[in-house]
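Asker: Input: one structure, supplied below.
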Amino acid sequence: MPTKPIELTATEAEGSRPVHLVEKGTLAEKGLPPEILAWAQDNGFSGRAGETLVYPDQSGRLGGVLFGIEGAEGFAPLATGALARSLPEGDWHFADAPDNPHLAALGLLMGAYRFDHYKKNGAKGLRFALPDGADLARVGRVADGVYLTRDLINTPTNDLGPAALEQAVRDLADAHGAEVNVVSGDQLLQQNFPMIHAVGRAGTEAPRLIDLTWGPADAPRVTLVGKGVCFDTGGLDIKPASGMLLMKKDMGGAANVLGLASMIMAAGLKLRLRVLIPAVENAIAGNAFRPGDVLQSRKGLTVEVGNTDAEGRLVLADALALADEEAPQLLIDMATLTGAARVALGPDVSPFYTDDEALAAKIMTASGSQADPLWRMPLWKPYDARLSSKVADLNNVTADGFAGSVTAALFLQRFVERTAAWVHFDIYGWNPADRAHALTGGEAQGIRALERLIAERFAG
Ligand code: BES
Ligand code: MN
Ligand code: ZN
C-alpha cells in the first residue's frame, strides 16, 4: 500500500497543537484568549471555508491554527485537505469536533496526496490526531483505495501499459489473497473475446482480459468491471492533439474499480468479489481495427464500427457479457467512456445509469453522505434505436451524437441481460484544478460512495 505523507494517530501526541474549526462570524463565541482574537482580527480572518491563519503563542512561537469551515455542500466536508499542505511540521489535533469526523480525517489524507514518482518533493513530517467518531482502520482503507486509484491514473502509459496494469492487479491480489486469471493476445480469440482483441491488437503490448476473484465462492457475488484503455489515441479516427493529451487516464475506470476492490478486500466484506478489466491500448498500426469493420462480440451481437474512438464500449461489452454469464447479485462498471458526460455534468459529478430504482436511491444517499458527487441519468429507451446499423446488430456510435453519454450507456446495456442490479458510471477520473482535498491529477470518483453502499449491504 502507498505510504501516506501525513500520519493519523489514534491519540493526541504530547505538545500537539490545536486546529480551531471556525464558522464565519463565530470566532468570538469560541472562548479563545483575547490575544488570539486580536491576532485574528488584525489579520482579517473571517472563517470563510478553507481560510487558514497560523497564530503565535505567548513566547512568539507557533501556537495553533484557525481554520474556516463555512458551508457543508459539495466537497466542503473534505476541505481539511488544505491543512495537510499548509500546516507547519509537527503534531496537530482538532480543538473542535468536526461535523463529520470520518470525512474530516479522510480529507486530511486525500489532501496530503502528491504524485511524486518522477519528481520528488520534500514531504514534511505531519501527524494528526484522529478526531472522535472516526474509525482509523476505515479512514485508512478508504484512503489507500483512493491513493491506489490516483497513482494508477497518474502513471503515464510508458510505465503503465496493459502488462503493467496486469502486474498492478497481481500486486493487489497478492496483498489480499485474491486470485488472478489473464486471457491475452490471440487467446482472446480462442476464448471468445473478439472485441477486446480487435480494439487492442494494434498495441505493442498484447491486449488482455484481467480477471480477479476474491472471497468464498458461495457468498453473494459482486462484480466490478473497469475500462482499462491504457492509452486512447482514438485509433484510426484519430483524436486531435488537445483531445489526446490526457488519454493516459483512459484506464480510469479500471483504476477506480481497483481502488474500490482494495477497500472491499481490506474491510473483509462478506462477498465474492470479481474484478474484470479489459486492458488494451487503442493504438494506430497496420493491423488496427477500422471504421466500417463489423466485429463479432462475445454475446453474439455483431457491431459495426462507426468510429474507432468509441472503443471503450467495445472492450467493456465483452467483459460485461462475461460478467453477466454468472448473473451476479450486483454488477458495477466504471469507465472514462464519453466526453459527453463531462459536457453534461463537468469534471466533478459523474453520471450513473441503472434501471434499479432502489439501487439508484441508495447510490444518491451514499453520494451525499460521503461527499462523492454522483448524479443519475436515464437509460432512455427511445434512444436505443439510434444505435441501429444497416449491416450489423448495432453500431458503436450514433449518427447525430446527441446524448452521447446516454447512448453509450444504452450500448452497454445490450450486453447485460441476466443481471438484475447493473449500474454504469461514466466518470472523468481527473481533477482539472487544485482544490482542498485533491491536487490536479487522477481522481477516485464514486468509489467512496460505493464502498459505503456495499459495506452496508455486505457487512463483515
Ligand atoms: N476515452 C474517450 C472519452 C473521454 C474523452 C473521456 C475525454 C473523458 C475525456 C472515449 O473513448 C471516446 O473517445 N469517446 C468518444 C465517443 C464518440 C466517438 C462517440 C467521445 O466521447 O468523443
Ligand atoms: Mn476513444
Ligand atoms: Zn477511450
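The values are calculated or read from the model by the stated rules, or taken from the named source; none is laboratory data. All values reported here derive from a predicted model rather than from experimental measurement. All Cβ positions, glycine included, derive from the backbone under ideal geometry; neighbour counts span all protein chains shown. Surface areas here come from the heavy atoms of the whole protein model, side chains and all, with no ligands, DNA or RNA. Shrake-Rupley method; radii C 1.70, N 1.55, O 1.52, S 1.80 Å.
Asker: I'm told Glu417 meets every condition in (1) part of a loop (DSSP other than H, G, I, E, B); (2) open to solvent by 40 Å² or more (accessible area, probe 1.4 Å); (3) away from ligand 1 (no atom under 12 Å from the Cβ); (4) without any contact (Cβ under 8 Å) to a residue 60 or more places away in the chain except one. Can you identify the failing condition by its number?
Answerer: Only one criterion is unmet by Glu417, namely (4).
Asker: Checking Leu209 against (1) touching an Asp or Glu at 6+ places or on another chain (Cβ under 7 Å); (2) farther than 30 Å from Leu87 by Cβ; (3) away from ligand 1 (no atom under 16 Å from the Cβ), only one condition comes out false. Which one?
Answerer: Of everything listed in (1) touching an Asp or Glu at 6+ places or on another chain (Cβ under 7 Å); (2) farther than 30 Å from Leu87 by Cβ; (3) away from ligand 1 (no atom under 16 Å from the Cβ), Leu209 misses just condition (1).
Asker: Moving on. Quick one: Thr9 ticks every box in (1) of a type in the set (Ser, Thr, Tyr); (2) under 33 Å from the mean Cα position of the chain (by Cα); (3) exposed (fewer than 14 other Cβ atoms within 10 Å of the Cβ) bar one, so which box is it?
Answerer: Every condition holds for Thr9 apart from (3).
Asker: Residue by residue through segment 207-237, note down the ones that are part of a strand (DSSP E or B), within 11 Å of ligand 2 (Cβ to nearest atom) and open to solvent by less than 10 Å² (accessible area, probe 1.4 Å).
Answerer: Here is the first cut: in segment 207-237, the ones part of a strand (DSSP E or B) are 208-214, 221-226, 228-232.
If we keep only those that are within 11 Å of ligand 2 (Cβ to nearest atom) too, we end up with 229, 231-232.
If the condition is that a residue be part of a strand (DSSP E or B), within 11 Å of ligand 2 (Cβ to nearest atom) and open to solvent by less than 10 Å² (accessible area, probe 1.4 Å), then Val229, Asp232 are the ones that fit.
Asker: Kindly check whether there is at least one residue in segment 341-349 that is within 16 Å of ligand 3 (Cβ to nearest atom), under 19 Å from Ile210 (Cα atoms) and either open to solvent by less than 50 Å² (accessible area, probe 1.4 Å) or without any contact (Cβ under 8 Å) to a residue 40 or more places away in the chain (or both).
Answerer: There is no residue in segment 341-349 that is within 16 Å of ligand 3 (Cβ to nearest atom), under 19 Å from Ile210 (Cα atoms) and either open to solvent by less than 50 Å² (accessible area, probe 1.4 Å) or without any contact (Cβ under 8 Å) to a residue 40 or more places away in the chain (or both).
Asker: All but one of (1) surrounded by fewer than 22 Cβ atoms within 10 Å (Cβ to Cβ); (2) in a strand (DSSP E or B); (3) more than 13 Å from ligand 1 (Cβ to nearest atom) hold for Ile277; state the number of the condition that does not hold.
Answerer: Of (1) surrounded by fewer than 22 Cβ atoms within 10 Å (Cβ to Cβ); (2) in a strand (DSSP E or B); (3) more than 13 Å from ligand 1 (Cβ to nearest atom), only one is false for Ile277: (1).
Asker: Next up: Suppose the filter is over 18 Å from the mean Cα position of the chain (by Cα) and in contact (Cβ under 8 Å) with a residue 12 or more places away in the chain; does Met263 pass it?
Answerer: Criteria not met by Met263.
Asker: Just a yes or no: is a residue in segment 285-296 in contact with a Pro (Cβ under 7 Å, 6 or more places away or on another chain) and open to solvent by 30 Å² or more (accessible area, probe 1.4 Å)?
Answerer: Among the residues of segment 285-296, at least one is in contact with a Pro (Cβ under 7 Å, 6 or more places away or on another chain) and open to solvent by 30 Å² or more (accessible area, probe 1.4 Å), which makes the answer yes.
Asker: Can you confirm whether Leu439 is at pLDDT 95 or above, among the hydrophobic types (A, V, I, L, M, F, W, C) and open to solvent by less than 40 Å² (accessible area, probe 1.4 Å)? Give the steps one after another, and end with the answer.
Answerer: Values: at pLDDT 95 or above: yes; among the hydrophobic types (A, V, I, L, M, F, W, C): yes; open to solvent by less than 40 Å² (accessible area, probe 1.4 Å): no.
Judged against the criteria, Leu439 is not a match.
Asker: When the residues of segment 260-274 are filtered to those that are within 21 Å of Leu412 (Cβ to Cβ) and open to solvent by less than 10 Å² (accessible area, probe 1.4 Å), which remaining residue is farthest from ligand 2 (Cβ to nearest atom)?
Answerer: Leu273
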